[in-house]
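In what follows, a single structure is set out as C-alpha cells and then discussed.
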Amino acid sequence: MDFPFRLPLLAEYWIELVLVWLGFGTVVGLLARVIFPGREPSGALGTVLIGVIGAVVGPLFMETVCRLEGFNPISLLGFVAALGGASVVLVLYRFLLLIISDHLPPQPTEEHLAPPPEYPPPPPPYEYPWPPPPTA
C-alpha cells in the first residue's frame with residue numbers, strides 16, 4: 001500500500017527515536033516505581049517523565065564517568081544505568097516534595113471530611129384526642 005504522503009527520512013528517524021526513548025523511559029519509570037513504592041501525586045505522566053529523565057541521565061552519567069567506547073544506551077548495561085538514573089531522580093523528587101510540603105497547606109483530615117452533625121429528629125406531631133372531650 002502506497003501512501004500519498006511520506007515524511008522525510010530525517011523526520012522519520014527523529015520520530016522513531018522519540019518513541020523508542022518514551023517506551024524505554026516508561027519501562028524504566030515503572031520499574032523504578034516498583035523498586036521504590038510510594039504515594040506521590042504524580043500519576044502516570046510523572047512516572048513516564050521520571051523514567052525518561054532517568055533514561056537520559058543514567059546512561060549520560062555512565063558514558064561520562066566510565067568513558068566506555070561504543071556504549072549503547074539501549075542495551076542491558078544502558079538499561080541498568082537508566083534504572084539507576086531513574087531511581088536517583090525519583091529519590092530527588094521525593095526529597096523535593098518533602099521540602100515543599102512544609103510550605104503547602106495541610107491535607108484535609110477525616111475530621112474535615114466528615115459529614116456535618118445530624119440534627120435531632122423533629123418532635124412527633126401533636127395528636128388531638130378523639131373523640132373530643134365533652135363540653136360543659
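Read-outs: derived from the displayed coordinates by stated rules, not from any lab. Bear in mind that the values here come from a model prediction, so they are computed numbers and not experimental data. Note that we place each Cβ from the backbone using ideal geometry, even for glycine, and neighbour counts take in every protein chain shown.
Details
- Restricting attention to region 69-124, the residues that are within 14 Å of V52 (Cα to Cα), among the aliphatic types (A, V, I, L, M) and out of contact with any Leu (no Cβ under 7 Å at 6 or more places or on another chain) add up to 8.
Matching residues to (1) within 17 Å of F79 (Cα to Cα); (2) exposed (fewer than 13 other Cβ atoms within 10 Å of the Cβ); (3) touching a helix residue (DSSP H, G or I) at 6+ places or on another chain (Cβ under 6 Å); (4) among the aliphatic types (A, V, I, L, M):
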{"site": "L7", "(1), (2), (3), (4)": "no, yes, no, yes"}
{"site": "A11", "(1), (2), (3), (4)": "no, yes, no, yes"}
{"site": "G23", "(1), (2), (3), (4)": "yes, no, no, no"}
{"site": "G29", "(1), (2), (3), (4)": "yes, no, yes, no"}
{"site": "A32", "(1), (2), (3), (4)": "yes, no, yes, yes"}
{"site": "L45", "(1), (2), (3), (4)": "no, yes, no, yes"}
{"site": "A55", "(1), (2), (3), (4)": "yes, no, yes, yes"}
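- Every residue from region 84-136 that is touching a Pro at 6+ places or on another chain (Cβ under 9 Å) and hydrophobic (A, V, I, L, M, F, W, C): L97
- Test: residue in region 107-121 that is of a type in the set (S, T, Y), surrounded by fewer than 10 Cβ atoms within 10 Å (Cβ to Cβ) and out of contact with any strand residue (DSSP E or B) (no Cβ under 7 Å at 6 or more places or on another chain): yes
- Flag for E127 being surrounded by 14 or more Cβ atoms within 10 Å (Cβ to Cβ), acidic (D, E) and farther than 20 Å from L31 by Cβ: no
- Only one of the numbered conditions (1) within 29 Å of Q107 (Cα to Cα); (2) of a type in the set (F, W, Y); (3) free of Cβ contacts under 8 Å to residues at least 12 places away in the same chain is not met by F36, and that is (3).
- Only listed residue being closer than 19 Å to S42 by Cα and β-branched (V, I, T), chosen from V88, V65, V56: V88
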